[in-house]
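The values are calculated or read from the model by the stated rules, or taken from the named source; none is laboratory data. All values reported here derive from a predicted model rather than from experimental measurement. Cβ coordinates were reconstructed from backbone atoms using ideal geometry, including for glycine residues, and neighbour counts include every protein chain displayed.
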Amino acid sequence: MSTLAAPMPSSALDQDWRKVLRWGFICGGALIALCLVGMPVELDRREIIERYLSLGYLSVVLVPLVIGWVSASQVVLEGFESRKQGLFDLVTGLVVGVIGGGLLSLLMVALDTWNLRDPLVNWSPKLFRFLTYENGMGFGAGAWIVTCGVLGLAGASLHVVPRFARRIVATVIIGLLSLSVLEAAVSDVSEGFGLEWLTDLIYAKKGGLTLTSAFVVGAVIAVVAALTDGRVKAVTNRYRDMEGIERQKTSMILFAVVAVLCIVLPMFLGKIMNELLANVGLFLLLALGLNIVVGLAGLLDLGYVAFFAVGGYTTAVLTSPNSPWFAPELHFGFSLFFVVIFAIIVGLVIGAPVIRMRGDYLAIVTLGFGEIIRLLFMSDWLGPYFGGAQGITNVPGVDLGFAMVKGTDPRSVFYLVLFFSVIAIYVSWRLQASRLGRAWMAIREDEQVAEAMGINTVSAKLMAFVVGAVLAAFSGAVLVAKVGSVFPTSFMILISIIILVVVIVGGMGNIAGVMVGSFVLIGVLGGPKQPGLLQEFQNFKLLIYGMLLVFMMLKRPEGLVPSARRSRELHQEEFLQDAWLRGDKPGIDDDDDAAPLLVGDGGGEEE
Amino acid sequence: MSLLEIKDLKITFGGLDALSGLNFHIDEGEIVSVIGPNGAGKTTFFNAISGLVTPTEGDILFEDETIVGLDPSTVTSLGIARTFQNVRLFPNMTILENVMVAQHCRTSQLVYGALLQTKAFKREEREIRERAIEVLEFFGHRLVGYRMDQPAFALSYANRRRLEIARAMATQPRLLLLDEPVAGMNPIETAELTALVGRLRTEWGFTIIMIEHDMKVVRDVSDRVVVLDHGVPIAQGSYDEVSTNPDVVEAYLGRPVEAN
């Protein structure tokens, strides 16, 4: 195939200035927004590298670095040869950084001149002091323009340096930052393995890496990165290219390793990490249920939290001695039986009237039902039975005979959650490849045709609703056993939204995707009330969620780990093009002798 | 006894009579073509039979039982399957899945079987698959082999039409409604599909009602032709009778200008 060269700039100053200016303003806008959101000031207390860099400053300086990198990256069209990058791109990054820094300085001037504290809560002298390094405006402005310029330049220069160096630099930066930001988690894990001496060595007493340890650890990471360079990719590529039996075998081994890790690892982890894993599991359970409803059957259910609440309240009423109206104090295992029954009943009761609606209407009505359930539990009417706003407290844990699962022992909760998650994964996996699963897919594709092809859409959709409801109710039951109490406020609409975000970001319709989604969102960022690995960002969680969602919708709508089907759906054009390049010629009718030639191709588009 | 009998069928959309006073019957093993100019009510006729549209008046009897007011899925399970004029496959499901899913009303396994992987479930899955492949093989090598695992949107236009027929066949109908099966096909494909329609009757035992604009196809396969115009049947009979009927000529070509 002949390649065309992209247009070559004649000199380093022959820039597309509109583009540069645009990125500069984006950089400045991002910096100002970040400051006014209050992130830098709030995170300033947290040290990353003792005395030299706080998390607050880090959050600011990352902006020009990243935008510098992005602004200097070139768009290469397929079939075109990429341009050799050099001085030209460095100038782009530098100018973008300087413009960003300049705008930030303007913010400083504005902070000094006007007082807009009233609408903008974070418009404070504190922010001014943060930005000026307490050294006066002139110094602050100059410092920021220079820093941002240098960082923009640094970001852009990553395009220029050889790939090998770029990889090592990136690995070192990311490694050091995660090591420092995840300090609490790292200490927790190493404590479990009896490695406190190591963490004592690396981290300063007040938190953060010491300068020496930063250098030493950075060097270690660099060496490791240099040694493993390319190996990781080779291994994943090899896995991807495997076929048939070999691939199946490898997948089985991988699966076994993960299973063993899931069972063994928590024994070595401390409280914080186990708590975190238990939360991830709870949301994984919810997300797997919603994945059946939304991902497979295509029913956008925004009131999913209702079933979570039903599971929670059923367990609380049946097991707690404090249940105000009826307190049989059953064992958790017995109560599960009723949890399933009530989930099915509520699933049918909510599902039956709304299931005939389609698309947006269904979403709005389920949203309403989600709130109604919560308000019912809170109401005076049902107050005598479910405790109203006081909720039901003193729910006992799960007595397994040999062990007791309680919130105070997060490890046991994790195992309980793991047990239910395995059930949920199994259910999703089996149903996906069954008569019912195919019917759901058909309904998602074209409901009217599905009906004309003999699928009773109402009962099939109800079935999806009910299976989802049961999985959510399990999650609710575990939550209550873990927390030991239940309140209407635990079932806010936000939970429905967050579960949906987990499913979307992870990869709708794909079990592995949903797992990755809950690890990334709930594990790293944190759930609605539960802290994640990035505890410091607790207050900005929803902001980050929102940004992540927008970014994913624009750049990767099929999710982090998409199902083959869904990425095909979203990239039909590319799929057809690829098939055409391979010689399958879809879209063009085959004459009779063309097809046999292609039989050996195996149609291997699925990963 | 007629397999399908329609009595005084009237369908009104707002003030518009899409169909009025249609009487129709088809016997077991017949192939009947429905023709007529655009907007004559042919597709509405199909929609009424398959349950997508409820008639305003009149009755539709399938094997002497009324099917008016039944869900489309129930109608399909009674043994009436259809294709659509503007091909409506499940584009993101594979070709095999498209045909497998159409056997929904002939199979019964639900959550329980799938979760416990019962013997009955496995047997049924195997049967669904075998039957799907059998149906696909009716169209030669085009839809089987590596193609089976490709998404339906990757198919060529003619193959999509074929797949749609295959999907209707998989519901195991007695009466097959084909809505313009050869629309948009080239002459070679048209000739081939015409032969296939004949084989659908002889090999699979389907009774067929076909809407078609291609008069050559209509002539070659149909036992009887019904002509609709403005929702009213204006002629019925063999192709030769109908094609020379002055009313039909007028409906298609208009009235000759009267010389004064």
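Quick one: is B:SER20 farther than 12 Å from B:VAL226 by Cα, within 14 Å of chain A (Cβ to nearest Cβ) and touching a Lys or Arg at 6+ places or on another chain (Cβ under 7 Å)?
The answer is no for B:SER20.
Quick check on this structure: which one of A:ALA450, A:ALA442, A:ALA477, A:ALA464 is under 25 Å from A:PRO266 (Cβ atoms), crowded, with 24+ Cβ neighbours inside 10 Å and at pLDDT 90 or above?
A:ALA477 is the lone residue from the list that is under 25 Å from A:PRO266 (Cβ atoms), crowded, with 24+ Cβ neighbours inside 10 Å and at pLDDT 90 or above.
Limited to segment A:207-238, what total is found for residues that are assigned to a loop (DSSP other than H, G, I, E, B), within 30 Å of the chain's Cα centre (by Cα) and over 30 Å from A:LYS249 (Cβ atoms)?
Qualifying residue count, segment A:207-238: 2.
For the structure I just gave you, tell me whether B:ASP64 is over 30 Å from A:TRP440 (Cβ atoms) and within 16 Å of the chain's Cα centre (by Cα).
no
Would you list the helices (runs of 4 or more DSSP H) that sit entirely within segment B:134-221 and hold 2 or more residues that are within 13 Å of chain A (Cβ to nearest Cβ)?
It comes to B:157-170, B:187-204.
Out of the helices (runs of 4 or more DSSP H) lying entirely within segment A:499-591, which hold 2 or more residues that are crowded, with 18+ Cβ neighbours inside 10 Å, within 14 Å of chain B (Cβ to nearest Cβ) and of a type outside the set (Asp, Glu)?
Fully inside segment A:499-591 and qualifying: A:564-570, A:572-582.
Please identify the pairs in which a residue from segment B:120-148 that is surrounded by 14 or more Cβ atoms within 10 Å (Cβ to Cβ) has its Cβ atom under 8 Å from the Cβ atom of a residue that is assigned to a helix (DSSP H, G or I) and basic (Lys, Arg), counting only partners at least 6 apart or on another chain.
B:GLU124/A:ARG435; B:GLU125/A:ARG435; B:ILE128/A:ARG435; B:PHE138/B:ARG199; B:PHE139/B:ARG162; B:ARG142/B:ARG162; B:LEU143/B:ARG162
So if I check each of A:LEU265, A:LEU286, which one is of a type outside the set (Ser, Thr, Tyr), surrounded by 15 or more Cβ atoms within 10 Å (Cβ to Cβ) and touching a residue at least 24 places away in the same chain (Cβ under 8 Å)?
A:LEU286
Here's the yes/no breakdown for (1) touching a residue at least 60 places away in the same chain (Cβ under 8 Å); (2) outside the structural domain of A:MET39 (by TED's automatic domain parsing); (3) under 19 Å from A:ALA30 (Cβ atoms); (4) not small (Gly, Ala, Ser):
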| position | (1), (2), (3), (4) |
| --- | --- |
| A:LEU90 | yes, no, no, yes |
| A:LEU103 | yes, no, yes, yes |
| A:LYS126 | yes, no, no, yes |
| A:GLY142 | no, no, no, no |
| A:GLY155 | yes, no, yes, no |
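Quick one: A:ILE455 ticks every box in (1) part of a helix (DSSP H, G or I); (2) under 18 Å from A:ARG356 (Cβ atoms); (3) at the interface with chain B (Cβ under 9 Å from one of its Cβ atoms) except a single one, so which number is it?
Status for A:ILE455: all satisfied but (1).
If I go through segment B:131-147 residue by residue, how many of them are within 23 Å of the chain's Cα centre (by Cα) and under 25 Å from B:THR107 (Cβ atoms)?
Of the residues in segment B:131-147, 11 are within 23 Å of the chain's Cα centre (by Cα) and under 25 Å from B:THR107 (Cβ atoms).
Restricting to segment A:228-251, give me the number of residues that are within 18 Å of A:ALA564 (Cβ to Cβ) and of a type in the set (Lys, Arg).
Matching residues across segment A:228-251 total 2.
Looking at segment A:185-202, which of its residues are crowded, with 19+ Cβ neighbours inside 10 Å and either without any contact (Cβ under 8 Å) to a residue 12 or more places away in the chain or under 28 Å from the mean Cα position of the chain (by Cα) (or both)?
Across segment A:185-202, the qualifying residues are A:ALA185, A:VAL186, A:SER187, A:ASP188.
Of the residues in segment B:82-125, how many are facing chain A (nearest Cβ under 7 Å) and part of a helix (DSSP H, G or I)?
Residues flagged as facing chain A (nearest Cβ under 7 Å) and part of a helix (DSSP H, G or I) within segment B:82-125 amount to 8.
Can you go through B:GLY41, B:GLY36, B:GLY21, B:GLY51 and tell me which one is on the phi > 0 side of the Ramachandran plot and surrounded by fewer than 20 Cβ atoms within 10 Å (Cβ to Cβ)?
B:GLY21
Every residue, every condition in (1) in contact with a strand residue (DSSP E or B) (Cβ under 7 Å, 6 or more places away or on another chain); (2) at the interface with another protein chain (Cβ under 10 Å from one of its Cβ atoms); (3) free of Cβ contacts under 8 Å to residues at least 40 places away in the same chain, yes or no:
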site	(1), (2), (3)
A:THR408	no, no, yes
A:VAL413	yes, no, no
A:LEU416	yes, no, no
A:PHE419	no, no, yes
A:ALA424	no, no, no
A:GLN432	no, yes, no
A:GLY437	no, yes, no
A:TRP440	no, yes, no
A:ARG444	no, yes, no
